[in-house]
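Report on one structure; see the data block that follows.
The values are calculated or read from the model by the stated rules, or taken from the named source; none is laboratory data. Just so it is clear, the structure is predicted and the values come from calculations on it, not from any experiment. With ideal geometry, Cβ positions are generated from the backbone for all residues, glycine too; neighbour counts draw on all protein chains shown. Accessible surface is based on the protein model in full, side chains and every heavy atom, while ligands, DNA and RNA are left aside. Shrake-Rupley method; radii C 1.70, N 1.55, O 1.52, S 1.80 Å.
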Amino acid sequence: MMIPSCTYRIQFNRDFNFKHLEGIIDYLEDLGVTSIYASPLLQATMGSSHGYDGIDPSLINVELGTLEELEALTTKLKTKGISWIQDIVPNHLAFNTDNVWLKDVLERGVNSSYAGHFDIDWAHPFYQQKLMVPFLEAGATECVSNAVLKLAFTSEGFFIAYHHNLYPVNIDNYPLLLSGVFGDEFNHVNASISALVNNAATDYSHWKSLKNELLSQLTDDGIAQKIQEKIDQINADKDLLLQIVNNQHYILSYHMVSNTQVNYRRFFNVNGLICLKIEDEKVFNDYHQHIYTLFEKNLIQGLRIDHIDGLKNPREYIDRLRTMFGPECYIIVEKILDVKEELPADFDIQGTSGYEFLSYINQVITDHRGAEKLLALYNKYVPEFSDYDEIVYKNKLSNLESYLNGEWDNLLRMLLSLNLIEDEELKINHLKNALGVFMACFPVYRAYIETLPLTDHDEKIVGLAFEKAYEKLPEQKTELDVIREIFTPHEDPVKSANRLLFIQRLMQFTGPLAAKGVEDTTFYLYNPLISHNEVGDQPCVLGIPVRQFHEKMIERQLKNPLSMNCTSTHDTKRGEDGRIRINIISELTEEWTELVAYWQKINEPYRKQLGELRAPIVNDEYFLYQAIVGGFPENLQLNDEFVSRTKTYYTKVLRESKQLSDYVNPNVEYEQACTDFISHLLDPTHKFLPSLIPFVKKLIGYANIYTMVQVIIKTTAPGIPDIYRGCELWDISYVDPDNRRPVDWDLRKRLLRELDEKKSESIDAMLSWANSQYEVGAQKIFVTREMLQLRKRNKDLFIYGEYIPIYGEGSERVVIAFLRHYKNRWVLIVLPLGIVANTGKELSLALPAGAPENWSNIFTGEAVSGNKIDVHRLFSKFPLAVLENN
């Protein structure tokens, strides 16, 4: 198996394709990268900025390049010792008419070769035998009346046109659409139509062949003109047009209807992403065939599985994947582990994409004593948000009611259709309510239940959910008891199997509900220290002791040594260095408290009165101050781009929080008042900036050190370090799409060259230069390269080596220190913590028996001897230390 010493995330799109990657291969080698970790490369929606909206799993994305270009690219990467881990998306594809499988479903309905590929409820009472298409700006009748739904004809046949979308017309409608167009030759055309109708359930290739034969008869210039005249007649007859629109294998619907009625499984509540039935072996094989071909050709060596929790049976999926790709394939999954859960030990994978590591490092950098003061300050300003668990519960339930009600109804209907409810006197609405409360109380994203009775681990998780549900809904204990019974085996094996079937379906929705309720709502609403409002982290825990971090790392080395260590991804809520800046507030609580009070005073005149509230409300205002501190330009120079980015981001924040605005019904007046507030804040003539900039400058001074601390821990702690594209320099971006802005590769190449030039003079000259270039992050890229090259030289040490904590004499929040040891190789890591209070504080570290006494500092070149380390002296030339044994 190819096990990388580090990975480097590449975000492919039409503006960064295979040729662009080829242009930075030498740079990545110089940096120390040993594996590309690529965003999806199969054909996605044209113009996609991320690739997670696939439309054809059998093709390489044409906007990225050709198969031949990929082959040449990977050949060059191999000569540099760089492998390739590929991100795949087995849970869903894009819901649009460019999706080759879905287009056939829209045209042929249940007869399509791909009708079973998608997770569609063909028996849904509102859409029987038809697929809901919820993308209209109004109902179909109104859209026809307003002439935004029309009949159209292209070289591929007849379509219902809605703006740029073309929905294929059922072949049964063709005789009506073509009547009067042909003369005597119509019999020949009619025969072709009949052949299509009679072969409606044939395989896709045969169907396409028959249709192409028909289309060849319809594309003659003279005929095309007559067809267009007929189309114009139909479009002018609104009643006839509406009849045709309603006579398809799909139902065109107002986009908001999906919140209450839906007959396909969506990715979360995104109408434009339709889920696959990847548990079906044919669907599994069809989806993975092309990716497997790339693996078979050794173009890729590993896989990252997106949204594993969306699948019906993740363990079965992983086993199939392992069988197909074999034991040599490095496989990780995107999995957000709650503090209360672990990755199932029997998953035949190498680990996760690393969000749990992000949480650990984010927590240890935060001063937990200072964070408690910040929590008290927040509770003073926003007393209504003092109970985090209650906020999460309410937000999950609210999202279920407002955005996932259709899915909720579908689960209830499945529960009833499987005859799992034996008490006929139960009120259906009470049963639905109990089911929803149970889902909202589920303590983790999902459980991986495959058998009844439940395993001890699953029983504990399910038990916690019911314990909380009984507490929240005591008046519906009977209904909760009925649902609780489903999680036990039945004496009738058929009913027992049906219970398991329902449970596995239910688990496909507890994860999306958690993501919507926590990541996409609470993380924008509960704001004591927003650096912890982060994927994988929990804002209810603000800082952990160093000893607890060490315990986590020892456990990680035992259980998940090959998981990724990430600190930024395409999904994180803010850049890793913006997060560090905000964390440092926990060490400057008194100054922060005074500043916030001052800012509230000077900015009060710019809050706008809207009815009974002033915009922004205090909670949103407090969030904004933290966001600006975290994202303010490194050079402290305000520019229009930052103002614009902040306004765009803040509008998203307001909608995600769903308190006074949302995406369904945007409160434009409130949003405008809030963005106007930003304009006033960032007006150079206003008092805010003169008080903000000195504070941000101070934070940046500390962040220069802490960001290097984060890089070093990420690259030396158990796990495989992952660098998100461009994050070898400062990453103070906001949430996506802000974190997908173009990377300045030329700047990064130049900095490495200049570091080399300065090093040729002397190490001191290089360190001095890097320190002087802190505004662009020269210290960070210097440390990143040194650490990645160290890992390349000592791959086995960092993968298999012991993790040995070292505790200083005195206060624990002065340093974080540990050893990595494998055979005769040792590395000692000594990093500062509590920088604000502890700068210059004397501390010594006693090394354990058996550790070497002769070391070399990889940053300064200094020799260090003895079994007791003077930390103050160790940091005299550079504020962090990583030592190799001689």
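Remark on residue 720: its backbone amide H falls under 5 Å from those of 563, 564, 565, a criterion applied only to residues 5 or more positions apart or on other chains, H modelled at 1.01 Å from N. According to the calculation over all Cα-Cα pairs in the range 244-293, the P(r) per 10 Å bin from zero is 20, 36, 29, 14, 1 %. The alpha carbons of the range 92-214 give a radius of gyration and a Dmax of 15.3, 47 Å, in that order. Hydrodynamic estimate: the Kirkwood radius of the range 722-785 over Cα pairs, inserted into Stokes-Einstein at 10 °C and 1.306 mPa s, corresponds to D of 128 µm²/s. Across the chain, the volume of the C-alpha convex hull divided among the residues equals 188 Å³ per residue. Per-residue packing, averaged as other Cβ atoms within 10 Å, sorts the ranges 440-446, 367-373 into the order 440-446, 367-373, beginning with the highest. Positive end of the dipole of the chain (Cβ unit charges, origin at the Cα centre): among 724, 92, 859, the Cα lying farthest that way belongs to 859. Around the amide H of residue 166, modelled in the peptide plane, lie the amide H atoms of 97, all under 5 Å away and 5 or more residues distant in sequence or on another chain. Over the range 153-296, the reciprocal of the mean inverse Cα-Cα separation, the Kirkwood hydrodynamic radius, stands at 18.1 Å. Given +1 at the Cβ of Lys and Arg, -1 at the Cβ of Asp and Glu and no other charges, the dipole of the range 769-886 around its Cα centre is 400 debye to the nearest 20. Once the mean of 1/r is taken over each pair of separate Cα atoms and inverted, the range 492-547 shows a Kirkwood hydrodynamic radius of 13.8 Å. I'd like the carbon and sulfur percentage of the solvent accessible area for the chain, probe radius 1.4 Å, heavy atoms only, ligands and nucleic acids excluded. In the chain, the share of accessible area belonging to carbon and sulfur is 49 percent. For the range 463-493, trypsin sites (Lys or Arg not before Pro) are listed when DSSP marks them as loop and at most 12 other Cβ atoms sit within 10 Å of their Cβ; the list is empty. 3J(HN,Hα) along the range 535-552: 4, x, 9, 9, x, 7, 10, 10, x, 10, x, 4, 4, 5, 4, 4, 4, 4 Hz, from the Karplus curve 6.51 cos²θ - 1.76 cosθ + 1.60 with θ = phi - 60°, whole Hz, x for Gly and Pro. Taken about its Cα centre, the range 236-363 carries a charge dipole of roughly 300 debye when the Cβ of each Lys and Arg holds +1 and the Cβ of each Asp and Glu holds -1.
Overall size of the range 774-886 from C-alpha positions, given as principal axis extents largest first: 38, 38, 22 Å. Taken along its three principal axes, the alpha carbon spread of the range 282-435 comes to 60, 56, 26 Å, from the longest extent down to the shortest. With one equal scatterer per alpha carbon and no solvent term, the Debye-computed log10 I(q)/I(0) for the range 489-641 at 0.15, 0.20 1/Å reads -1.01, -1.39. Note on the range 285-323 and the range 34-51: Cα centroid distance 16 Å, given to the nearest whole angstrom.
Of all the Cα-Cα pairs you can form in the range 33-176, what percent are over 20 Å apart? The proportion of pairs with Cα distances above 20 Å equals 60 percent. With unit charges on the beta carbons (Lys and Arg positive, Asp and Glu negative) and the dipole taken about the Cα centre of the chain, which residue among 40, 449, 375 sits farthest to the positive side? The one lying farthest along the dipole's positive direction is 375. Note on the range 370-409: Cα-only Rg and Dmax are 14.6, 46 Å. Each of residue 685 and residue 756 was given a label point 7 Å from its Cα along the Cα-to-Cβ line. The distance between the two points is 5.1 nm.
Here the Kirkwood formula, the inverse mean of 1/r across different C-alpha pairs, assigns the range 531-587 a hydrodynamic radius of 12.9 Å.
Taking all Cα pairs closer than 8 Å and separated by 6 or more residues, the relative contact order of the chain comes to 12 percent. Residue by residue, the range 318-334 carries 3J(HN,Hα) couplings of 4, 5, 5, 4, 5, 5, 5, 8, x, x, 7, 7, 6, 10, 10, 10, 7 Hz when phi is fed to the Karplus relation 6.51 cos²θ - 1.76 cosθ + 1.60 (θ = phi - 60°); x denotes Gly or Pro. Residue by residue, the range 89-98 carries 3J(HN,Hα) couplings of 10, x, 7, 7, 10, 6, 8, 8, 7, 8 Hz when phi is fed to the Karplus relation 6.51 cos²θ - 1.76 cosθ + 1.60 (θ = phi - 60°); x denotes Gly or Pro.
Can you work out the base-10 log of I(q)/I(0) for the range 645-758 at q = 0.14 1/Å, using the Debye formula on its C-alpha atoms alone? Those come out to -0.90, one per q. For the range 227-316, the normalised intensity computed at q = 0.10, 0.15, 0.21, 0.25 Å⁻¹ comes to -0.52, -0.82, -1.11, -1.29 (log10 of I(q)/I(0), Debye sum over alpha carbons, equal scatterers, no solvent). Report the far tail of the P(r) of the range 762-810, meaning the percent of Cα-Cα pairs longer than 17 Å. Tail of P(r) above 17 Å: 56 percent of Cα pairs. What whole-number distance in Å separates the alpha-carbon centres of the range 595-629 and the range 446-477? Result: 42 Å between the Cα centres. Each 10 Å bin from zero holds the following percent of Cα-Cα pairs in the range 564-702: 11, 41, 36, 11, 1. Comparing Cα centroids, the range 198-249 and the range 400-425 end up 39 angstrom apart. Look at the Cα gyration tensor of the range 92-163: its axes a ≥ b ≥ c give a/c of at least 1.5 with a/b at or below b/c, and that counts as oblate. Between amide H atoms placed 1.01 Å from N, distances below 5 Å from residue 84 occur with 36, 301, 302, all of them 5 or more places distant or on a separate chain. Given +1 at the Cβ of Lys and Arg, -1 at the Cβ of Asp and Glu and no other charges, the dipole of the range 556-611 around its Cα centre is 340 debye to the nearest 20. Stokes-Einstein diffusion for the range 354-502, with the hydrodynamic radius set to the Kirkwood value over Cα pairs and evaluated at 25 °C in a medium of 0.890 mPa s, equals 138 µm²/s. Ellipsoid fit via the Cα gyration tensor, the range 798-839: semi-axes of 25, 9, 7 Å, each the root of five times an eigenvalue, largest first.
Kindly work out what percent of the DSSP beta bridges joining two residues of the chain are antiparallel, to the nearest 5. Within the chain, antiparallel bridges account for around 65 percent of the total. With all protein chains kept in place, the per residue accessible area of the chain amounts to 37 square angstrom at a probe of 1.4 angstrom.
The listed residues 210, 218 rank as 210, 218 when sorted by accessible area, largest first, using a 1.4 Å probe.
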